[in-house]
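A.B. asks: Sharing a structure below in structure tokens format, with a few things to ask.
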Amino acid sequence: MNTDERAVAAALRQISAGVRPVRVPPDLWARGRRRRRLRATAIAAGVAALLLALIAVPLAWAPGPPPARPAEHPWSIPSRIRVPMPLQPNLVDAPNGPASVIVTGPGGFAANDVFGFDDRAIAVGRDGLYRYVRDVNSVNAGDDLLLSPDGRYLAGRADLEGVHFDEAASDWQSTAGVMDLTTGKVRTYREGVPVAWSPDDRLLVSASSGRFTLLDLGSGAVVPLGVGGAAPAFSPDGQQIALQQGRELKVLDVDTRTVRTVANLGAQQSLAGPGAWSAGNRLAIWNGNDCARACPASYRDFRLSFVDIDNGAVTDAGFDAVQAVSARLLGWRSGGDAVVTLSMTSDDPAGPHSGAPQVLSLRPGGGRTTLITVTADADRVDVARNLLDHFGGAPRSGWSMFLDLLRVRLPQAAPWLAAIAVLIAVGLNYRRIRAKVGPWLRRRISP
């Protein structure tokens, strides 16, 4: 050791001589364990509080229904329908009351379901919030998925979620389901597939024989009508049904079952839809013709005319022609405008998807107004026909939609969240649990 090293050693000895030794408390290990337990408990409590907040905050801030209004002023139909959010709640699980609009899209808006539902519709509630209606097979709004005039019921075929379908009985063509949108419950009927709603919410179905039957959903009464046809339309009082058989336009009296032919239609003419019956004992028909070269493939020109049911005379009210793959007349606004829905998508799965469906108001004498802007991911739309004077409402914001989603989905996920919290707590206290439980287990299993 040289002189420098000796000097450093002497300095270190002098410094250490003045340092008091550190006293280690006898319970240092216990203190560390207590601190670790407190830290683990605090973390577990924080996780639990966070999970509770995730559930409580959406419940507190989720949007409620719009303010109550007089019965003669029902809530407005939103002016725009957007793409649904992922994990959108279902009507069966989370009903939100009568709907104003239902919309379907190819492939169920790309929301595949692991539980076997290949398609779904969006039901837009009177509160403006969205719910899914799930279906096993492809479904089209206004065709095989029908919204009742007051928006409370939704009628579908045997593959609608909640329908009790007996595959062994092979009753596919005679089974229908009606969902009550206020409860989410579905009733199954075996008198035929849904065809049209009456103004008083009775359901017209078509049996496998092709003949119509009228169902009273309240009493369960079944009235066979003994006749069938295409594009049936109820009169405003529900006592008569217009229908088309081939080129013959006929009117059926519901009470007496008598049928009379009122006109013979041309090859390009057809009854306009469920709202075809208009004032003055007239029936609206479509005059469909191949449209100009500028039209996309599968499109046609559709123009409304009237047929007088007393003498069969045809008159033209000057409505604008519309171009679409198919057109459907929903009914009439109080000012006389016709409300129509247009489909821009071919029924051929290989055909082009040319655009979103349209909901238009056509004015007698010419002119049109777009009533709803529908997402381009949709292909069919149906509207509650009692609300045709109540378009133009403001759509719900994306934030309110998100909060509604959390309000519904988080309580459903609460058991899973609780299980995750337990696993986290067990993981943080694993050594302590092992130290206490291990010896007890060894004593229990030892011979």
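The values are calculated or read from the model by the stated rules, or taken from the named source; none is laboratory data. Given the structure is predicted, the values throughout are model-derived calculations rather than measurements. Reconstructed Cβ throughout: ideal geometry from the backbone, glycine too, with neighbour counts over all protein chains shown. For accessibility, only protein heavy atoms count, side chains too; no ligands or nucleic acids. Shrake-Rupley method; radii C 1.70, N 1.55, O 1.52, S 1.80 Å.
Each row is one residue, and each column tells you yes or no for (1) modelled with pLDDT under 90; (2) open to solvent by less than 10 Å² (accessible area, probe 1.4 Å); (3) part of a loop (DSSP other than H, G, I, E, B); (4) under 18 Å from residue 378 (Cα atoms).
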position	(1), (2), (3), (4)
74	yes, no, yes, no
100	no, yes, no, yes
103	no, yes, no, yes
112	yes, no, yes, yes
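A.B. asks: Which of the numbered conditions does residue 255 fail, given that it passes all the others? Conditions: (1) more than 17 Å from residue 194 (Cβ to Cβ); (2) part of a strand (DSSP E or B); (3) out of contact with any Gly (no Cβ under 8 Å at 6 or more places or on another chain).
C.D. replies: Status for residue 255: all satisfied but (2).
A.B. asks: Hey, could you check region 198-227 for residues that are assigned to a loop (DSSP other than H, G, I, E, B) and over 30 Å from the mean Cα position of the chain (by Cα) and say which is nearest to residue 309 (Cα to Cα)?
C.D. replies: Quick first cut of region 198-227, residues assigned to a loop (DSSP other than H, G, I, E, B) only: 198-202, 207-211, 216-221, 225-227.
Subset that is over 30 Å from the mean Cα position of the chain (by Cα): 209, 211, 225-227.
Details: 209: 27, 211: 22, 225: 20, 226: 21, 227: 19 Å.
Ranking the qualifying residues of region 198-227, first place goes to 227.
A.B. asks: So which residues in region 279-296 are over 16 Å from residue 311 (Cβ atoms) and in a strand (DSSP E or B)? Break it down stepwise before answering.
C.D. replies: Of region 279-296, the ones over 16 Å from residue 311 (Cβ atoms) are 279, 284, 286-296.
Hits for region 279-296 are 284, 286, 287, 288, 289, 290.
A.B. asks: Now for a separate question. For region 299-331, which residues satisfy the criterion of being surrounded by fewer than 18 Cβ atoms within 10 Å (Cβ to Cβ) and among the charged types (D, E, K, R)?
C.D. replies: Across region 299-331, the qualifying residues are 308, 310, 316, 320.
A.B. asks: State all residues of region 266-277 that are free of Cβ contacts under 8 Å to residues at least 60 places away in the same chain and either open to solvent by 10 Å² or more (accessible area, probe 1.4 Å) or part of a strand (DSSP E or B) (or both); if no residue qualifies, say none.
C.D. replies: Hits for region 266-277 are 266, 267, 268, 269, 270, 271, 277.
The rows are residues; the columns are (1) at pLDDT 80 or above; (2) closer than 30 Å to residue 361 by Cα; (3) not small (Gly, Ala, Ser).
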{"site": "387", "(1), (2), (3)": "yes, yes, yes"}
{"site": "394", "(1), (2), (3)": "yes, yes, no"}
{"site": "397", "(1), (2), (3)": "yes, yes, no"}
{"site": "402", "(1), (2), (3)": "yes, no, yes"}
{"site": "405", "(1), (2), (3)": "yes, no, yes"}
{"site": "411", "(1), (2), (3)": "no, no, yes"}
{"site": "415", "(1), (2), (3)": "no, no, yes"}
{"site": "421", "(1), (2), (3)": "no, no, no"}
{"site": "425", "(1), (2), (3)": "no, no, no"}
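A.B. asks: Would a scan of region 349-358 turn up a residue that is under 21 Å from residue 76 (Cα atoms) and open to solvent by less than 60 Å² (accessible area, probe 1.4 Å)? It would help to see each step written out before you state the result.
C.D. replies: Here is the first cut: in region 349-358, the residues under 21 Å from residue 76 (Cα atoms) are 357-358.
Next cut, open to solvent by less than 60 Å² (accessible area, probe 1.4 Å) only: 357.
Yes; the residues of region 349-358 include at least one that is under 21 Å from residue 76 (Cα atoms) and open to solvent by less than 60 Å² (accessible area, probe 1.4 Å).
A.B. asks: Same structure again: Among what's in region 217-227 and is touching a strand residue (DSSP E or B) at 6+ places or on another chain (Cβ under 7 Å) and of a type in the set (A, V, I, L, M, F, W, C), pick the residue that is most open to solvent (accessible area, probe 1.4 Å). Quick ask: steps written out before the conclusion?
C.D. replies: Kept after step one, since they are touching a strand residue (DSSP E or B) at 6+ places or on another chain (Cβ under 7 Å), are these residues of region 217-227: 217, 222-225, 227.
From what's left, of a type in the set (A, V, I, L, M, F, W, C): 217, 222-223, 225, 227.
Numbers: 217: 18, 222: 66, 223: 40, 225: 8, 227: 15 Å².
So the residue we want is 222.
A.B. asks: Follow-up question, since we're still on this one. Any chance region 228-238 includes a residue that's outside any strand (DSSP E or B), buried (at least 18 other Cβ atoms within 10 Å of the Cβ), modelled with pLDDT under 90 and in contact with a Leu (Cβ under 6 Å, 6 or more places away or on another chain)?
C.D. replies: Taking every residue of region 228-238 in turn, at least one turns out to be outside any strand (DSSP E or B), buried (at least 18 other Cβ atoms within 10 Å of the Cβ), modelled with pLDDT under 90 and in contact with a Leu (Cβ under 6 Å, 6 or more places away or on another chain).
A.B. asks: Continuing with the same structure: Which of the residues belonging to region 239-252 are part of a strand (DSSP E or B) and surrounded by fewer than 14 Cβ atoms within 10 Å (Cβ to Cβ)?
C.D. replies: Selection gives 245 alone.
A.B. asks: Just give me the residues in region 196-212 being open to solvent by less than 40 Å² (accessible area, probe 1.4 Å) and either touching a residue at least 40 places away in the same chain (Cβ under 8 Å) or under 17 Å from residue 273 (Cβ atoms) (or both), in sequence order.
C.D. replies: Of region 196-212, the ones open to solvent by less than 40 Å² (accessible area, probe 1.4 Å) are 196-198, 201, 203-207, 210, 212.
Of everything in region 196-212, those that are open to solvent by less than 40 Å² (accessible area, probe 1.4 Å) and either touching a residue at least 40 places away in the same chain (Cβ under 8 Å) or under 17 Å from residue 273 (Cβ atoms) (or both) turn out to be 196, 197, 198, 201, 203, 204, 206, 212.
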